[in-house]
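Visitor: Mind having a look at this structure? Questions to follow.
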Amino acid sequence: MGHRDAMKADDVEQFLDSMKDEIDNLWDNDIIEIVKKSDIKGDFNVLNAVWSHRRKLKSNGEIYRHRSRI
C-alpha cells in the first residue's frame with residue numbers, strides 16, 4: 001500500500017506508529033544520518049525516500065500487525 005492510501009485509511013494511527021518504529025530502528029542501528037545537500041562532495045546521487053505500508057494478517061484474515069518500510 002502506498003503512503004497516501006495509508007494516511008487516508010481508518011487505521012492511520014497504527015501506520016504512524018509503525019513508521020515511528022521504522023525510523024527509530026534505522027537510527028538505533030546507524031543506518032541513516034542527516035546530511036545537508038550542500039555538504040555532499042563529489043559525484044553522488046541523493047535518493048528520494050518512498051514509504052511502503054502493509055497490514056500483516058493471520059490465516060483467518062485478522063490484522064495482527066502494521067508494517068512500514070522506507
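The values are calculated or read from the model by the stated rules, or taken from the named source; none is laboratory data. Note that the structure is a prediction, hence the values are computed from the model and not measured. Because the Cβ atoms are built from the backbone with ideal geometry, glycine has one as well, and the counts that use them run over all protein chains shown. The protein model used for the area step is the full one, side chains on, heavy atoms only, and it has no ligands, DNA or RNA in it. Shrake-Rupley method; radii C 1.70, N 1.55, O 1.52, S 1.80 Å.
Visitor: Considering only segment 19-29, state which residues are touching a residue at least 40 places away in the same chain (Cβ under 8 Å) and open to solvent by 90 Å² or more (accessible area, probe 1.4 Å).
Guide: D21
Visitor: May I ask you to verify whether R54 is of a type in the set (K, R), surrounded by 13 or more Cβ atoms within 10 Å (Cβ to Cβ), out of contact with any Cys (no Cβ under 7 Å at 6 or more places or on another chain) and in contact (Cβ under 8 Å) with a residue 12 or more places away in the chain?
Guide: Yes: the conditions hold for R54.
Visitor: Being in a loop (DSSP other than H, G, I, E, B), β-branched (V, I, T) and within 13 Å of the chain's Cα centre (by Cα) is the filter; apply it to segment 7-56 and report the residue that is farthest from R69 (Cα to Cα).
Guide: By that ranking, first place goes to I32.
Visitor: Can we say R4 is touching an Asp or Glu at 6+ places or on another chain (Cβ under 8 Å), basic (K, R) and not in a loop (DSSP other than H, G, I, E, B)?
Guide: no
Visitor: Kindly evaluate R4 against the criterion of being open to solvent by 100 Å² or more (accessible area, probe 1.4 Å), charged (D, E, K, R) and touching a residue at least 24 places away in the same chain (Cβ under 8 Å).
Guide: For R4, the condition - open to solvent by 100 Å² or more (accessible area, probe 1.4 Å), charged (D, E, K, R) and touching a residue at least 24 places away in the same chain (Cβ under 8 Å) - is not met.
Visitor: Test of understanding: among I32, I40, which residue is farther than 28 Å from R4 by Cβ, open to solvent by less than 90 Å² (accessible area, probe 1.4 Å), without any contact (Cβ under 8 Å) to a residue 40 or more places away in the chain and β-branched (V, I, T)?
Guide: I40
Visitor: Scan segment 57-70 residue by residue and report those that are surrounded by 10 or more Cβ atoms within 10 Å (Cβ to Cβ) and either closer than 14 Å to V12 by Cα or among the basic types (K, R) (or both).
Guide: Correct list: I63, R65, H66, R67, S68, R69.
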